Amino acid sequence: MNTTNLLRVARLDLTLLWRNRTSLFSVLGLPAIFTVMLTTMPDEDVAGVDLANLQATGYLGFFCIFAVFMHVVNVFTARREDLTLKRMRGTFLSDAEIRGGTVITAAGMYAAQVLVVLVILGVVLDGRFPADPVLMLA
């Protein structure tokens with residue numbers, strides 16, 4: 001597997017993301033909506049835990065579904081339907097490079113969303129940052 005080819009496919013996916021309104025909304029629009037919902041949430045505690053902080057940590061898993069899984073499914077479905085995937089597989093790119101480039105793009109989008117949620121938790125909501133970020137990453 002060639003790293004250069006992998007990064008080229010990732011760059012292609014990122015470029016195509018800006019042209020696909022549905023994927024762009026799931027990557028940028030949904031986190032914006034949920035951010036507004038978090039910042040306007042009343043100050044309530046549930047079992048001694050701030051409700052906004054509790055929901056924000058749940059959003060990390062929710063964004064993972066949209067940023068990674070749904071984006072990858074949409075990309076490969078669209079590519080299969082318009083025969084782009086067939087043309088890509090006919091080039092010098094391996095299947096691992098084609099899939100890997102898309103996964104790298106989706107994982108990068110998810111990492112950016114997680115960073116935004118953590119900043120909102122730490123700054124806007126006066127929450128604490130994770131005590132063990134490596135455990136959270138795993």
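Quick notes on this structure:
- What the phi angles of the stretch 49-65 give under the Karplus curve with 6.51, -1.76 and 1.60, with θ = phi - 60°, is a coupling list of 10, 4, 4, 5, 5, 5, 5, 5, 5, x, 5, 4, x, 5, 5, 4, 5 Hz, glycine and proline written as x.
- Crossing angle, helix 3-17 versus the chain [Cα axis fit, 0-90 degrees, rounded to tens]: 70
- Counting protein heavy atoms only, the stretch 6-138 has 67 percent of its accessible area on carbon and sulfur, 1.4 angstrom probe.
- For chymotrypsin sites (Phe, Trp or Tyr not before Pro), the sites in the stretch 29-138 that DSSP calls loop and that have at most 10 other Cβ atoms within 10 Å are PHE92.
- Cβ crowding within 10 Å averaged over residues, with 36-43, 93-100 ranked highest first: 93-100, 36-43
- Relative contact order (%) - the chain, alpha-carbon pairs under 8 angstrom, separation at least six: 37
- In degrees, nearest ten, helix 95-119 long axis to first principal axis of the chain (Cα): 20
- Surface per residue (accessible, 1.4 Å probe) for the stretch 1-85, Å²: 63
- Note that the stretch 29-138 shows a convex hull volume over its alpha carbon atoms of 111 Å³ per residue.
- Here the average projected area of the convex hull drawn through the C-alpha atoms of the stretch 47-86 stands at 3.0 nm².
- Helix-only [θ]222 nm of the chain, DSSP H runs n ≥ 4, -39500 (n - 2.57) each, per residue, nearest 500: -20000 deg cm²/dmol
- Across the stretch 73-79, computed HN-Hα scalar couplings (Karplus, 6.51 cos²θ - 1.76 cosθ + 1.60, θ = phi - 60°) run 4, 4, 5, 6, 5, 5, 5 Hz from first to last residue, x flagging Gly and Pro.
The values are calculated or read from the model by the stated rules, or taken from the named source; none is laboratory data. Only a predicted model underlies this, so the values are computations on that prediction, with no experimental measurement involved. Note that we place each Cβ from the backbone using ideal geometry, even for glycine, and neighbour counts take in every protein chain shown. Accessible surface areas use protein heavy atoms only, side chains included; no ligands, DNA or RNA. Shrake-Rupley method; radii C 1.70, N 1.55, O 1.52, S 1.80 Å.
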